[in-house]
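FYI, it's all coordinate maths here, none of it is from the lab. Quick caveat: nothing in here was measured; it's all calculated off a predicted structure. Cβ placement follows ideal geometry from the backbone for every residue including glycine, while neighbour counts extend to all protein chains displayed.
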Amino acid sequence: MSELTGKSVLITGASRGIGAAAAAELAARGMRVALVARDHAACEAGAEAIRAAGGEAIALSCDVASWTEVSVVVSAVRDAFGGLDALINNAGVIEPISRLADSDPEAWTRAFSINALGVYHGLRAALPIMEAQGAGVIVNISSGAAYNPLEGWSQYCSAKAAALMLTRAAHAESGPKGVRVVGLSPGTVATDMQRVIGASGVNPVSKMSWDDHIPADWPAKAIAFLCTEAAREFDGSDFQLRDPENRTRLGLG
Ligand code: NDP
């Protein structure tokens, strides 16, 4: 039994990668998990695996770029679980990878809507519920890209910088009402996103060796840690999983 046992969590981008690993990790710690992404079949498969292992999980379909869809899904999860204790704003896309001067405005805006507005939509839907409860935690998945401009990644870097400021702004406003908001910058992780980056051949991240990337269950463990009271010192900031001290603290590496 851990402090997370019986608590409810909604994870966006839970159909694969870090989100799917986080769903498994949080369920293993006793949380009741809602897996959310556009690929409903993949979320349902993750939920079924959790249920088969004795956990509680549901799957819902949602495009985080749509405020209407996010608000409907957050309300549905609150109703299904009788509250919402945690939200993991994890959904994200790297493409389109292109220089600003060559970028397609429609594709750039669409991706920015997922990476930045998706986080805003999650916060906007969950904060009133959590403030009314007087408790809750929201983890926004950030990136080193929030701090460093990289060729071809103007959309991704600026959206992640926006997500970081949303973490800080939400913490400043809702922290006093009992809601913790924290970011996670995972470092590079061996997921489909890194396959897309590698195939692009653009900027130094694409040239990294696959062995340099950490497995998805590392950020999943970091997310679980950030959901606990022990992580309070990181509220309103990005927890850096590249930091050797932080890895040691989580028993990783
Ligand atoms: P993946 O590409 O493996 O997974 C991305 C997830 O986001 C999928 O579940 C996808 O589901 C979901 N998603 C994408 N668009 C939407 C949308 N419009 N609405 C709802 N869900 C969506 O990537 P990762 O697991 O690697 O990435 C997860 C997070 O971690 C992202 O925010 C990413 O930016 C961040 N990150 C990743 C790093 C890495 O090296 N991999 C490094 C730093 C940060 P579906 O397509 O079914 O909707």
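Hey, can you grab everything whose amide H is under 5 Å from the amide H of ALA34? Only 5+ residues off in sequence or another chain; H modelled, so Pro and N-termini drop out.
VAL9, LEU10, ILE11, ILE58
How large is the charge dipole for the chain, taken about the Cα centre, if only the Cβ atoms of Lys, Arg (+1) and Asp, Glu (-1) carry charge, to the nearest 20 debye?
Details: 21 positive and 27 negative charges, 57 e Å.
Roughly 280 debye for the chain.
Sequence gap at least 6, Cα distance under 8 Å: using those rules, report the relative contact order of segment 23-83 to the nearest whole percent.
30
List the relative contact order of segment 137-209 as a percent without decimals, with contacts defined as Cα pairs under 8 Å and 6+ residues apart.
Values: 85 pairs, mean separation 25.8, N = 73.
Once divided by the residue count of segment 137-209, the mean separation gives 35 percent.
In whole angstrom, note down how far apart the Cα centers of segment 52-94 and segment 175-244 are.
Cα centroid to Cα centroid, the span is 20 Å.
Which residues in segment 193-232 place their backbone N less than 14 Å from a point set 7 Å from the Cα of GLU245 along the Cα-to-Cβ direction?
Nothing falls inside the zone, counting backbone N under 14 Å.
Using 0.36 nm per residue of separation minus the Cα-Cα distance, give me the extension gain between ARG232 and GLU151 in nm, one decimal.
On the way: separation 81, 0.36 × 81 = 29.16 nm, distance 3.45 nm.
Value of the extension gain: 25.7 nm.
Please return the longest range in the chain lying between exposed loop sites, taking GluC sites (Glu not before Pro), DSSP loop only, at most 16 other beta-carbon atoms within 10 Å, and leaving the sites out.
Working: sites that count: GLU3, GLU151.
The longest such stretch corresponds to 4-150.
Relative contact order (percent) for the chain, with alpha-carbon contacts under 8 angstrom and 6 or more residues of separation? Mind dumping the intermediate values first?
Values: 516 pairs, mean separation 46.3, N = 253.
Once divided by the residue count of the chain, the mean separation gives 18 percent.
Going by the alpha-carbon gyration tensor, a ≥ b ≥ c the square roots of its eigenvalues, is the chain rounded (a/c under 1.5) or, if a/c is not under 1.5, prolate (a/b greater than b/c) versus oblate? Could you put the intermediate results ahead of the total?
Details: a/c = 1.43, a/b = 1.35, b/c = 1.06.
Judged from the Cα gyration tensor, the chain comes out rounded (a/c under 1.5).
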